[in-house]
1. List every residue pair whose Cβ atoms lie under 6 Å apart, where the two residues are 6 or more positions apart in sequence or sit on different chains, the first residue falls within segment 94-115 and is of a type in the set (Gly, Ala, Ser) and surrounded by 11 or more Cβ atoms within 10 Å (Cβ to Cβ), and the second residue, located anywhere, is in a loop (DSSP other than H, G, I, E, B) and at pLDDT 90 or above.
2. Somewhere in segment 66-77, is a residue assigned to a strand (DSSP E or B), closer than 15 Å to Val178 by Cβ and in contact (Cβ under 8 Å) with a residue 40 or more places away in the chain?
3. I need the full set of residues from segment 152-171 which are touching a helix residue (DSSP H, G or I) at 6+ places or on another chain (Cβ under 9 Å) and within 18 Å of Phe193 (Cβ to Cβ), in order please.
4. So, Ala179, is that one surrounded by fewer than 21 Cβ atoms within 10 Å (Cβ to Cβ), touching a residue at least 24 places away in the same chain (Cβ under 8 Å) and farther than 15 Å from Ala63 by Cβ or not?
5. If Gly90 meets every condition in (1) touching a Cys at 6+ places or on another chain (Cβ under 7 Å); (2) in a loop (DSSP other than H, G, I, E, B); (3) not hydrophobic (A, V, I, L, M, F, W, C) apart from one, which number is that one?
Amino acid sequence: MRTAAALSALALLLLVAGLATAVPRTGGVDDPQDSRPPFEGTEFADASRVTVSYEPEDGSLIATLTLVAPLGTTASPGASTFADLTFGAGATGPGGVCVVPDPAGEGRAGDLRVAATIDSNGPPGAITDLVRTTVQVAGGPQLVGASGAISADRRVITWTVAPDPALAGRDLDCVGDVAMSYSFSDSDAIAGFPLTTPPDR
């Protein structure tokens, strides 16, 4: 009798854990405005906010980078400006530290490493923005591509990963090792943040 009760309790715990893992997770952080001078005469792009949303049920993910000023363009034919956003998504470890895969994608199996970029070509002709990203699943060979877009005012870049089985069902509760770089300038380190269930869920 006790064995049956114990098995029932275990099944209930597993069910609750499964439901907790399957709920949407979202989070974000504001980044203080930087006071660094422009890099070699080029306008410096400064991050003001990063947000990430993850849907464990279908493996979709959305990352948004908001800039203080519009993403610049270049007047040199054949040249481009670009902004890179990189981060890891994993689990909160001891001391509240977000443990995420390293840049090589090594880490806890199932955690994610995201490398997103926007490459903007200037004149001659209309501005062309190529927004792309790659999501790597730690502990496995999966590399998942994604699409993206930039807002009309060139201040908000959004990268969207469509539902993908390779990304579904991950137990992710934080984002860490967040950085943004602009063209050939140094990376701007951005604080990590928790991924939590929205209040209305």
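The values are calculated or read from the model by the stated rules, or taken from the named source; none is laboratory data. This is a predicted model, so every value here is computed, not measured. Cβ: placed from backbone, ideal geometry, glycine included. Neighbour counts: every protein chain shown.
1. Listed pairs, sorted by first residue: Gly105/Ala138; Gly107/Pro101; Gly107/Ala138; Gly110/Arg170.
2. yes
3. Listed by number, the residues that qualify are Arg170, Asp171.
4. For Ala179, the condition - surrounded by fewer than 21 Cβ atoms within 10 Å (Cβ to Cβ), touching a residue at least 24 places away in the same chain (Cβ under 8 Å) and farther than 15 Å from Ala63 by Cβ - is not met.
5. (2)
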